[in-house]
Amino acid sequence: MKARRYSSWLMWLVLLVIAVLSFFWSGTLTTANTFNSGFFGAVAASTEIPADMSTAENTELTLTPAPKPTRADYPDVGVSSRSIVWVVAQLHLFFGALVLAVPLFVLVIELLGVYTKDSRYDDMAHEFMKISITAYSITALFGGTLALALFLLYPDLMAYLMRVFGAQMMVYAILFFLESIVLYIYYYGWNAMRYGNAKWVHLSLGLLLNAVGATLMVTANSWATFMMAPSGVNEVGAVIGDIWEVMKGPLWNPINLHRFIANIAFGGAVVGAYAAYKCLAARTAEARAHYDWMGYTSNFIAILAFLPLPFAGYWLMAEIYAYSQQMGITAMGGILAWLFIIQAVLIGTILLAGNYYLWSGMSRTEGSKRYQRFIKYIAVVLVICFLIWVTPHTLILTSGEIAALGGSNHPLLGALGIMPAKNIAVNLMLIFTFMSFQIYRRSDKVATVSWETAGNALMVAIYIVAIVNIIFVGVYYGYFTNTVYKVGSSVIQVVSTLTVIISGVVLDAFLYRKAKTLPSHWGQVSNRAQYALFALPIAFTWLMALMGYVRSSVRTHWHVYTVMKDTSPDNFIPTIGYAGNMMTIVTVLFVLFVLFIFWIANLSGTKQVPPYATHKAPAAERVESTA
Amino acid sequence: MNTGKTEEIKTSGNVLLKSMVFSLGLALLFTLVANLLPQVEGEAPVEQEIDLGTLTMESFVALGEAIFTGNGTCSLCHNDLGRAPDILALNMVDIANEHLEDERYKGNATDAESYLYESMIDPGIYVVKDFGKKGSNDTISPMPRIDKPPIELSVIEINAVIAYMQAKDGHDVTVPLPVDAPVEEVQSVEAEKSSMNTISVNTIEEVVAKYACQACHTMLGGGGDLGPELEQVGKRLNAEEIRQSIIDPDAEITEGFSPGVMPRDFAEKMMVKELEILVTFLADSKVIHHEKPVASSLINTKKASSEVEKVIAQFGCQACHKMLGSGGVLGPSLERVGAYLDADEIRQSIIEPNRVITNGFPSGVMPPNFSEQMSDAQLDLLVTFLMTQKGD
């Protein structure tokens, strides 16, 4: 443990030193520009290269534009620089997402333990943190490596970003020290602050940990969103605003929300895989029951966070279109559009795996027989919607195939390739996934309220109205009106889906108040269901890699969109196959590191039997812990 | 919650191995999907220089079309998907004139050309109904200024796009050709193809070689007899008549020759400068200027030392085709023809040149009477030679 802590501190120290050195390398620390353009605001001033801009003619200030590196300015290390940064950055982001997400739901579970006075919640939250704390060290290692790679391979870009963000990057590094301090106290002080007032101190530390983590995330997000939609700079990239104007670009908040929610879903899926692994490897019924419950909780977190994610994604895409229609179309209708077919496959995998896990989990309780007849219908709807989602619109065909087909769109299936059909499919998949979730939650309960029949009728009515509305709005506005209404109709569909989810949760909360609880048998679940929990993080990881790639690639041949061109040898958008191979490489590497974390987490709970006792129990040299 | 009992249970084999195989299999499945989809690379625009002085109106319009669908990214929105007015389906000159009459129009344009230019560098001046930014009530255009990043078209490129929009519906192109402009930097990969024929020509020999006049006409001391000889054409036609016979060859047919043989698209292909060089030369050609066959000086500076080189020189093959290291671009290069055509196909392409046309080249350009002009021995010699041309 100590070694891990030291390595983490060491890496952040390296990061800080690099940041400081880079500050000097950027050549602006000696000018007033640095701090003015950086953290402390005001208009940037410099005595360096004057910008070629008309607005500067009327002012005494001369502004420093973004650099214009030539191909020769990019170091050649014999391997594609983009591929190096791609792998390291993606691994850093995977682990970063994990370590930021886990404390979020750990805090909620810990709080739940306080309110229910059930120590199992507390133990589970502590075990989740055990995974997170190992991942934190690996995040730090990849973070330091990423910083080194970027400064080495893209020196002009990093010098420019250092100039634009200035002291904010120093604040970021300092926040990591704070994050490390709070994280270690929170984790290692868990048992020391377990009861009474000390527990509230511990919970407050958890809150502080999440606050610092969220600040770190939104700070780093501002770098990515600045590169996509620069703000606080003029058209040649010279800084003309303060750091707040630089940070609060049009895409900053949509990315913040999207990553916040996605991180929770991702974190839930990863710890779910941990629980599934432990459940399958459990040697006692008690351990299997514990990890079955832990897996269920993780899946609950992952799917619950996943359900609103498409809406956050929708907001992000709408803001991208509002910022630059060209950028939006490049993503959704241009060269990157085919990637959304893979996205459909991935999200379909996630929803099918999540649903399958819920259906399998219904075998834990006898009361589930009342609802099992619905499963086959839900499955049919999910599969049909999935197939609609993956139907491409325009096919790349030979002239003979086009002639045989009568055009590049299939006369019947072509209509399923456009967004209105996909919007219907996605919303129905979300509604029916919620239905699976709802009947699962109802399986071990029998309502005792007098208005049960009326309540159920109301719920059914809400489902029917929402489904009819989603289909009608999608078909009518999607196929019989122009594009403006198409976009508007998707908002109505989203509202319908959210209405079902929110009303379902609220209605069930009242309907099953003081309900009779039927016995549940944790651990009595098929092993196949545990593999569904493995499918979730694999699909989530691949999906994160995919969407991160799309987000980054919409800049096309720009490091910083419209102000700093990418003239490196890698300034083209690679083929989907190449990108897919890269995503699999980073996913497999992530899985290997996660398995290492699981092993470490398991090792920390393993106690060797004293040598003098071995002759008494030769077959059990190690004692398994469930905590 | 019932947590069950503490008795030992059987685990399901090697969990680590199974979970790894399952995870890897799933990841590979996603990789398979990615590799099954169309594989297209998105190249960054390459900056290149083209000599604007060599542009013809045809290649200028082609440049505009290439920019429209390529670096200009116009077709990303201006298509039939309803994102923006479908320029390819609309008559943009008529549309421009309609918008100029609209009371909502507040710009300074006075005609279609200036309106189209203004609409590209200041798209917000007039927002087409129902295509404004969402919530702006058609007061804000979602279109970016195309002279600014990330598109950054130059004035010449914008003019090329206007020329394309005018030409595609049969309107007169009012945008002037930038013939006297200095060499400018133009970003266009797509334009490379359209400008590949724009070789700088300054002399009558180069004009004659570029347009393969001697393939049909005797002039400059050599050439074919498919068309009338032009050695002393100035004696019978004045400059205006010569100009007309080039840009509208079937208007007047010389006795003894058939209409429809001479290509009718020289007016589009030739630059004004080239046309004037040719007309001036022919109008002045009242006497024979050259005694030796000029074709040999045009086709190759090397002495025609072998029989095949003599045949190539005699029939002016290099006026249109690249072979023996040099030649024109009016027809396909023959330097690797032996690698993809057999002897019969090569023979057929000489005696029946319009039967099979190489992609990217127009039909009707190569004279169809070589079989009458060449002896069998010359034809065999040429075919045998071309068979050896495999680019080695």
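The values are calculated or read from the model by the stated rules, or taken from the named source; none is laboratory data. Treat the numbers as computed from the prediction; the structure is a model and nothing was measured. For neighbour counting, all protein chains shown are included, and Cβ atoms are generated from backbone atoms with ideal geometry for every residue, glycine included.
Considering only the range B:35-51, I want to know if a residue exists there that is under 16 Å from residue B:165 (Cα atoms) and touching a residue at least 24 places away in the same chain (Cβ under 8 Å). Among the residues of the range B:35-51, not one is under 16 Å from residue B:165 (Cα atoms) and touching a residue at least 24 places away in the same chain (Cβ under 8 Å), which makes the answer no. With respect to (1) more than 14 Å from chain A (Cβ to nearest Cβ); (2) of a type in the set (A, V, I, L, M, F, W, C); (3) in contact with a His (Cβ under 6 Å, 6 or more places away or on another chain), the lone exception for residue B:96 is condition (3).
Among A:173, A:167, which is within 17 Å of residue A:216 (Cβ to Cβ), in the same structural domain as residue A:75 (by TED's automatic domain parsing) and in contact with a Gly (Cβ under 6 Å, 6 or more places away or on another chain)?
Numbers: A:173 fails: in contact with a Gly (Cβ under 6 Å, 6 or more places away or on another chain).
From the options A:173, A:167, the qualifying one is A:167.
Selection within the range A:249-308: residues that are β-branched (Val, Ile, Thr) and either within 14 Å of chain B (Cβ to nearest Cβ) or closer than 30 Å to residue A:322 by Cα (or both). The member of this set that is surrounded by the fewest Cβ atoms within 10 Å (Cβ to Cβ) is A:284. The C-beta contact set for the range A:382-403 (first residue modelled with pLDDT under 65, second residue of a type in the set (Val, Ile, Thr), distance under 9 angstrom, 6+ apart or interchain) comprises A:395/A:402; A:396/B:40. The residues of the range A:564-576 that are of a type outside the set (S, T, N, Q), at the interface with chain B (Cβ under 9 Å from one of its Cβ atoms) and touching a Phe, Trp or Tyr at 6+ places or on another chain (Cβ under 9 Å), listed by number, are A:565, A:566, A:576. Of the set (1) more than 11 Å from chain B (Cβ to nearest Cβ); (2) out of contact with any Asp or Glu (no Cβ under 7 Å at 6 or more places or on another chain); (3) polar (S, T, N, Q), all apply to residue A:526 but (1). What number of residues within the range A:439-470 are surrounded by fewer than 19 Cβ atoms within 10 Å (Cβ to Cβ) and over 25 Å from residue A:493 (Cβ atoms)? So the count comes out to 10.
Among the candidates B:175, B:201, single out the residue that is part of a loop (DSSP other than H, G, I, E, B) and modelled with pLDDT of 75 or more.
Numbers: B:201 fails: modelled with pLDDT of 75 or more.
Answer to the selection: B:175.
So, in the range A:540-557, of the ones that are at the interface with another protein chain (Cβ under 7 Å from one of its Cβ atoms) and crowded, with 22+ Cβ neighbours inside 10 Å, which residue ends up farthest from residue A:234 (Cα to Cα)?
In the first step, residues of the range A:540-557 are kept if they are at the interface with another protein chain (Cβ under 7 Å from one of its Cβ atoms); the result is A:542, A:556-557.
Still in the running and crowded, with 22+ Cβ neighbours inside 10 Å: A:542, A:556.
On the way: A:542: 36, A:556: 20 Å.
Looking at residues that are at the interface with another protein chain (Cβ under 7 Å from one of its Cβ atoms) and crowded, with 22+ Cβ neighbours inside 10 Å, I get A:542.
Please verify whether the range A:348-361 includes one or more residues that are more than 14 Å from chain B (Cβ to nearest Cβ) and either more than 24 Å from the chain's Cα centre (by Cα) or of a type in the set (D, E, K, R) (or both). Yes, some residue in the range A:348-361 is more than 14 Å from chain B (Cβ to nearest Cβ) and either more than 24 Å from the chain's Cα centre (by Cα) or of a type in the set (D, E, K, R) (or both).
Does residue B:124 satisfy being away from chain A (no Cβ under 14 Å) and part of a helix (DSSP H, G or I)? Taking the combined requirement at face value, the residue does not satisfy it.
Looking only at the range B:101-141, count every residue that is buried (at least 17 other Cβ atoms within 10 Å of the Cβ), free of Cβ contacts under 8 Å to residues at least 40 places away in the same chain and either over 21 Å from residue B:91 (Cα atoms) or among the aromatic types (Phe, Trp, Tyr) (or both) and tell me the total.
Step one: filter the range B:101-141 for residues buried (at least 17 other Cβ atoms within 10 Å of the Cβ), giving B:109, B:112-113, B:115-120, B:123-128, B:131-133, B:141.
Now restrict to residues that are free of Cβ contacts under 8 Å to residues at least 40 places away in the same chain: B:109, B:115, B:118-119, B:123-127, B:132-133, B:141.
Narrowing the set further to residues that are either over 21 Å from residue B:91 (Cα atoms) or among the aromatic types (Phe, Trp, Tyr) (or both) leaves B:115, B:126, B:133.
Of the residues in the range B:101-141, 3 are buried (at least 17 other Cβ atoms within 10 Å of the Cβ), free of Cβ contacts under 8 Å to residues at least 40 places away in the same chain and either over 21 Å from residue B:91 (Cα atoms) or among the aromatic types (Phe, Trp, Tyr) (or both).
I'd like the residue in the range B:8-44 that is part of a helix (DSSP H, G or I), more than 57 Å from the chain's Cα centre (by Cα) and surrounded by 15 or more Cβ atoms within 10 Å (Cβ to Cβ) and, out of all such residues, is farthest from the other protein chains (Cβ to nearest Cβ). Steps first, answer last, please.
Quick first cut of the range B:8-44, residues part of a helix (DSSP H, G or I) only: B:15-36.
Applying the additional criterion that residues be more than 57 Å from the chain's Cα centre (by Cα) yields B:15-18.
If we keep only those that are surrounded by 15 or more Cβ atoms within 10 Å (Cβ to Cβ) too, we end up with B:15, B:18.
Numbers: B:15: 4, B:18: 8 Å.
Only one residue tops the list, namely B:18.
A Cβ distance below 9 Å, combined with a sequence gap of six or more or placement on separate chains, defines the contacts here; from the range A:313-325, residues that are at the interface with chain B (Cβ under 8 Å from one of its Cβ atoms) and within 23 Å of residue B:72 (Cα to Cα) reach residues that are surrounded by 16 or more Cβ atoms within 10 Å (Cβ to Cβ) and of a type in the set (Lys, Arg) in the pairs A:322/B:133; A:325/B:83; A:325/B:133.
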